[in-house]
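Throughout, read-outs are computed from the coordinates displayed, never taken from laboratory work. Treat the numbers as computed from the prediction; the structure is a model and nothing was measured. Heads up, the Cβs are rebuilt from the backbone with ideal geometry, glycines too, and the neighbour counts pull from every protein chain shown.
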Amino acid sequence: MFFELALRNVQVNRKRSVITLLLGTLSTALLVFSSAWMDGSHQQMLKSAVENYSGYIQITGEDFRENPSFEHLIFDLDSLQEMVAEDNEVDVLTPRFESFVLYSVGEKGVGGMLTGIDPEKESMVSRLHASLKEGEYLSRGDTNQLYIGNELAHRLHVTIGDEVAFVGSGADYSFAADMLIVKGIFQTGLFEFDASSAFLAKPYFDMIMAADNMATHVIVLPKNTAQADALAGKLGEEIGAEYQCASWLQTMAPLVKSMKLDSVFGYITLAIIFTVIFFVVMIYTLLAVFARIREIGIMRAVGTTPRQIVTLLLFESSMLGFISVCVGGLIGAAFAWYFSLHPMVFAGMEEQFKQYGLAVSAIPTAFEPVTILRDMLVMFVLLLLSTLYPILHVNRYQPIEAIHHV
């Protein structure tokens with residue numbers, strides 16, 4: 001009976017019902033899309049940071065992350081790579097040997113990191129190859145060809161074809177030095193990285209640094225990047241205690257925390273916006289219910305109890321809220337789905353995006369059904385709560401007072 005009466009009232013008061021539906025629909029669509037946009041932008045930032053250089057999974061010597069010295073290297077690289085490659089969830093793995101050296105050109109000297117890499121495999125696990133700005137990327141057969149960061153090249157005042165001398169310490173603590181020729185210049189957009197990093201092909205690096213069959217890191221690309229943390233734990237058990245295996249959630253913990261903090265502030269901003277919407281809906285509902293005081297007074301006069309009136313009005317609000325949330329949720333989800341497949345492209349802003357470490361200027365939304373349903377539920381509860389006070393307030397009127405209300 002209450003459902004039929006509520007449905008009749010909704011149909012009779014069409015103007016009020018349409019406005020209520022529009023408010024609920026637009027609010028829900030906005031909340032769903034805003035959440036999808038915020039989550040998508042954060043995911044894109046994290047993905048860009050991971051894929052720029054860090055990698056999804058890093059394997060190091062047992063104490064290397066806490067104490068990065070030549071005492072804690074991977075000393076049996078070939079054996080480790082064979083073990084890791086046997087796992088069916090591993091797509092690509094590649095070694096790196098990072099060493100801090102002093103670069104010099106003429107009287108200009110700059111400290112930085114010199115890293116030996118496998119150029120072909122490195123291009124699969126990071127964006128070093130895609131970050132090429134000038135010249136050419138490395139190949140495995142290169143000898144003293146240097147791939148250098150844009151800011152480091154600027155500090156040393158070198159360009160393609162120029163010579164750079166370096167001095168450093170080999171893996172056996174021997175003296176290492178050589179004259180290198182700049183083959184390529186890269187720009188990832190990560191200023192500190194671009195200002196301190198340069199790369200050599202690992203076979204030549206191993207020769208001059210006495211690092212044959214050694215590495216500081218082995219970078220692993222999972223077939224399913226979403227399962228990187230689980231795979232890191234699994235590999236850690238397989239390779240034994242002499243090695244440490246960490247996913248990007250551990251190696252990039254500060255960035256992950258900052259993204260979570262940014263999400264908190266984002267949701268606080270959304271909460272403020274929707275608090276305003278809540279009061280707008282409540283005020284409109286209060287006016288709409290006040291317009292029905294005489295109707296409520298007559299119902300009370302013929303024997304309808306206050307509880308029955310509250311139940312009836314809540315049925316009406318629930319009905320309108322449910323419809324508006326469903327429609328708004330579908331609209332918001334449709335936009336989130338579309339822009340997850342076709343990311344928003346900020347044309348002409350590539351350089352500005354690179355300053356923040358983003359390799360592309362296209363930002364997708366995150367289409368996550370669980371999050372969408374959560375937002376719809378939150379909006380439904382808000383719509384229902386916004387009508388509760390007006391209903392309870394108007395229901396306090398005595399029948400005679402309500403009938404004579406103007």
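Against the longest alpha carbon principal axis of the chain, how many degrees, from 0 to 90 and to the nearest 10, is the axis of helix 228-239 turned?
The answer is roughly 40 degrees.
If you put +1 on each Lys and Arg Cβ and -1 on each Asp and Glu Cβ, how big is the dipole of region 59-148 around its Cα centre, in Debye rounded to 20?
600
Residues in region 99-120 near a label at GLU134, defined as backbone nitrogen under 11 Å from the 7 Å Cα→Cβ point?
Answer for region 99-120: none.
If I fit a long axis through the Cα atoms of helix 306-341 and take the longest principal axis of the Cα atoms of the chain, what angle between them do I get, 0 to 90°, rounded to 10?
For 306-341 against the chain, the angle is about 30 degrees.
What does a probe at GLN227 reach in region 93-111, counting residues whose amide N is under 20 Å from the point 7 Å along Cα→Cβ?
Inside the label zone: 93-94.
Would you mind working out the magnitude of the charge dipole of the chain relative to its Cα centre, with +1 at each Lys and Arg C-beta and -1 at each Asp and Glu C-beta, to the nearest 20 Debye?
For this selection, approximately 3720 debye.
If you find the alpha carbon centre of region 55-130 and of region 178-229, how far apart are they in angstrom?
Result: 6 Å between the Cα centres.
Using 32 Å as the Cα-Cα cut-off, could you pick out the over-long pairs in LYS202/LYS257; LYS108/LYS202; LYS15/LYS260; LYS223/LYS260?
Numbers: LYS202/LYS257 34 Å; LYS108/LYS202 26 Å; LYS15/LYS260 43 Å; LYS223/LYS260 26 Å.
Exceeds cut-off: LYS202/LYS257; LYS15/LYS260.
Where a ≥ b ≥ c are the square roots of the eigenvalues of the C-alpha gyration tensor, would you call region 153-276 rounded, which needs a/c under 1.5, or, failing that, prolate if a/b is larger than b/c, or oblate?
It is oblate, given that a/c is not under 1.5 and a/b is not larger than b/c.
Considering only region 63-240, what is the antiparallel percent among its DSSP beta bridges, to the nearest 5?
Details: 32 of 42 bridges.
So the antiparallel bridges in region 63-240 amount to around 75 percent.
Charges at C-beta only: +1 for Lys and Arg, -1 for Asp and Glu. How large is the resulting dipole of region 63-240 about its Cα centre, in Debye rounded to 20?
My answer is approximately 620 debye.
State whether the chain is rounded, prolate or oblate according to the following rule on the C-alpha gyration tensor (a ≥ b ≥ c being the square roots of its eigenvalues): a/c under 1.5 gives rounded; otherwise a/b larger than b/c gives prolate, and the remaining case gives oblate.
Working: a/c = 4.12, a/b = 3.02, b/c = 1.36.
Taking the square roots of the gyration eigenvalues as a ≥ b ≥ c, the chain is prolate.
With r defined as the distance between the Cβ atoms of GLU89 and VAL256 and R0 fixed at 22 Å, what FRET efficiency is calculated, to the nearest 0.05?
Efficiency at R0 = 22 Å is approximately 0.50.
What shape does region 63-240 have by the C-alpha gyration tensor, where a ≥ b ≥ c are the square roots of the eigenvalues, rounded means a/c under 1.5, and otherwise prolate means a/b greater than b/c and oblate the rest?
Cα axes put region 63-240 in the prolate bin.
With a 10 Å radius around each residue's Cβ, average the other Cβ atoms per peptide and rank 162-171, 372-381, 214-223, highest first.
214-223, 372-381, 162-171
Could you tell me which residue out of MET319, LEU146, PRO95 lies farthest along the dipole of the chain toward its positive end? Charges go on the beta carbon: Lys and Arg +1, Asp and Glu -1, centred on the Cα centre.
MET319
Using only the alpha-carbon atoms, how far is helix 369-394 inclined from the longest principal axis of the chain? Give it as 0 to 90 degrees, nearest 10.
30
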